[in-house]
Amino acid sequence: MRLKIIAGNLIIVAVVGLGAFFMVRSQVTEGLAQRLESRLPHEQQLFAQSWDLSVYRLLQQTSAQASSADARSVFAASGDSRRRRAYELAQDTSGWFQDPARGRGGPPDLVVVTDNSGVVVARDNDINRMYGQPLGDDLPDVIDVLRSKEPRFAIWRREGKLLQTGIAPIAGEGGAVLGALVVGYDISSGYASSEARLLGHDIAFVSGESVYSASLDAARSADLQQALFGDLARTTKAALGGQVSSSWYASVGGDTYVGIVAPLPRPAASGVAYAVLADRDAATSLASAANAILWLTGLGIIAIIVFGFLLANHFLRPLETIEEGVLAVINGDTNLRLDVESAELGGLAYRINQLINVFTGVEEQDAEGRTAGTSEWAPVGDVESEAPATAAAAVGASPSAAATQGDDAPIDEPEAAAALAAEPEQSYYARLYREYVAAKKALGEDVSNVPEARFVQRIKGNEANLAQKHGCRMVRFQVQTRANQVILRPVLIR
């Protein structure tokens, strides 16, 4: 029974707790994932705007350096002197961009000065390197700048690097184009990381058939490349060709990422794309707050086990006592009465005791040996007041059948006591029953409902109670007839 009570409660708590956990977690996870996916196109547009701003700033800064007097002075000289001045311009330009106030995060990866035909005059860091090289073959946008006299942005693939390149014309006093200043920054993982910090999502740049740089670590970048050129190869190819993709999912570093891949907005048809991606698992980690439901469910289960045992014992132990007592009565122990200390089940035990008394013919008595309530009979002469005592002459008689007065006290006479004590018990009870029945018949009363066994059992019970009360060895009764009533008067045997 205990296990059934506890198991039932455990099942209810477990079902409710686990149901709430899975429902809350799934709804929170789904809601966060949908929110992340719906916001990703906006994040992609934000990066496109950030890229355009970076391009504009690079062109403005490159143009500012190209329009300086130092830049024009390069072409006021010739030969080695021009070459030296071009090298110094490249070095000064690199130092100028390195200033944190420029917002570039460091020096350029490459600064080149060309003449008006696109031939390299000098570059930074090495005066001899690239000298005399026709830059127009490697970077055709230089020729366009020299012809149009307008600055231009380009993606320059140089020495294994992918460079953000600002190209600005160097013009003389009369407006004639003297040459060009080229400033290139690598689209590095550092740049991707700085953009990712601003955006709040990871950024990766794709060129050719590989991930060129990313804000991810090396292992995750490798996983991303495998995804972009594996299951997402068609989507990636379309982005490299100029088409923005829809949202997609990929496994990166053991986590699920959602992303969008799109072409760089400037310059158009550069063959370079970028991916904006977010860790879906990290974004939905807030759903782990639902784990509190599991903890609370576990605490509830522990509480149910403890409280269930306590509650079950509180009710089941009295019930077990009642069950054992009733079984003992069924097996013949008709003198046994239930004694249960329980606010909830004490009343039930009392009613069962009453039921046993009804079936066994024994009155339920109080501590003084008197019949409790309106019972059928009690020993005559055991009344401590002048009020009439309730007494019954036989089983089934009414409460008024043996009313007695206060002078019917127990007989405490040695001679009468000695005579009754000398009489064998079996003979005494048989004689008392015969005299009692005869006296009742003499008064014209019906004694058909007074079986001898029941009469003797009740007599013995009252004798024991009175002997204990008066502190004597035993009590026996005498049959007396008084005022048309049959009474049983106790005799104290010391």
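The values are calculated or read from the model by the stated rules, or taken from the named source; none is laboratory data. Everything numeric here is computed off the predicted structure, so don't read it as measured data. Note that we place each Cβ from the backbone using ideal geometry, even for glycine, and neighbour counts take in every protein chain shown.
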Taking the range 172-210 and the residues there that are within 46 Å of the chain's Cα centre (by Cα) and without any contact (Cβ under 8 Å) to a residue 60 or more places away in the chain, the one that is nearest to Ala90 (Cα to Cα) would be Ser188
Among residues of the range 132-157 being modelled with pLDDT of 90 or more and in contact with a helix residue (DSSP H, G or I) (Cβ under 7 Å, 6 or more places away or on another chain), the residue farthest from Gly184 (Cα to Cα) is Ile143
Q) Taking the condition in a strand (DSSP E or B), closer than 22 Å to Asp141 by Cα, touching a strand residue (DSSP E or B) at 6+ places or on another chain (Cβ under 8 Å) and aliphatic (A, V, I, L, M), does Val55 pass? A) no
When Trp96 is run through (1) within 30 Å of Tyr249 (Cα to Cα); (2) free of Cβ contacts under 8 Å to residues at least 40 places away in the same chain; (3) surrounded by 18 or more Cβ atoms within 10 Å (Cβ to Cβ), the failure sits at (1)
Residue count, the range 438-459, condition assigned to a helix (DSSP H, G or I) and either within 60 Å of the chain's Cα centre (by Cα) or in contact (Cβ under 8 Å) with a residue 24 or more places away in the chain (or both), comes to 9
Exactly one of Ser448, Ser427 is exposed (fewer than 13 other Cβ atoms within 10 Å of the Cβ), more than 19 Å from Ala409 (Cα to Cα) and at pLDDT below 90, and that residue is Ser448
Selection from the range 248-260 of residues modelled with pLDDT of 90 or more and either in a loop (DSSP other than H, G, I, E, B) or farther than 15 Å from Asp223 by Cβ (or both) yields Ile260
Condition set over 15 Å from Ile260 (Cα atoms) and not hydrophobic (A, V, I, L, M, F, W, C), scope the range 38-54, selection surrounded by the most Cβ atoms within 10 Å (Cβ to Cβ): answer is Ser54
Selection over the range 57-86 where residues are more than 23 Å from Gly175 (Cα to Cα) and either outside the structural domain of Gly175 (by TED's automatic domain parsing) or surrounded by 14 or more Cβ atoms within 10 Å (Cβ to Cβ) (or both) yields a count of 2
Exactly one of Gly179, Gly184 is touching a Pro at 6+ places or on another chain (Cβ under 7 Å), small (Gly, Ala, Ser) and surrounded by 23 or more Cβ atoms within 10 Å (Cβ to Cβ), and that one is Gly184
Among residues of the range 470-486 being closer than 21 Å to Ala421 by Cβ and buried (at least 18 other Cβ atoms within 10 Å of the Cβ), the residue farthest from the chain's Cα centre (by Cα) is Val479
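This table checks each residue for (1) without any contact (Cβ under 8 Å) to a residue 60 or more places away in the chain; (2) β-branched (Val, Ile, Thr).
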site: Ser247; (1), (2): no, no
site: Ala262; (1), (2): no, no
site: Ala269; (1), (2): yes, no
site: Ala275; (1), (2): no, no
site: Asp279; (1), (2): no, no
site: Asn291; (1), (2): no, no
site: Leu294; (1), (2): no, no
site: Leu316; (1), (2): no, no
site: Thr334; (1), (2): no, yes
Here the qualifying pairs (Cβ atoms under 8 Å; residues six or more apart or on different chains; first in the range 42-63 and free of Cβ contacts under 8 Å to residues at least 40 places away in the same chain; second of a type in the set (Ser, Thr, Tyr) and surrounded by fewer than 17 Cβ atoms within 10 Å (Cβ to Cβ)) come out as none
Across (1) under 23 Å from Asp70 (Cβ atoms); (2) without any contact (Cβ under 8 Å) to a residue 60 or more places away in the chain, Pro169 clears everything bar (2)
- Query: Scanning for something under 37 Å from the mean Cα position of the chain (by Cα), in the same structural domain as Tyr274 (by TED's automatic domain parsing) and more than 13 Å from Val206 (Cβ to Cβ), does the range 233-240 turn up at least one residue?
  - Reply: no
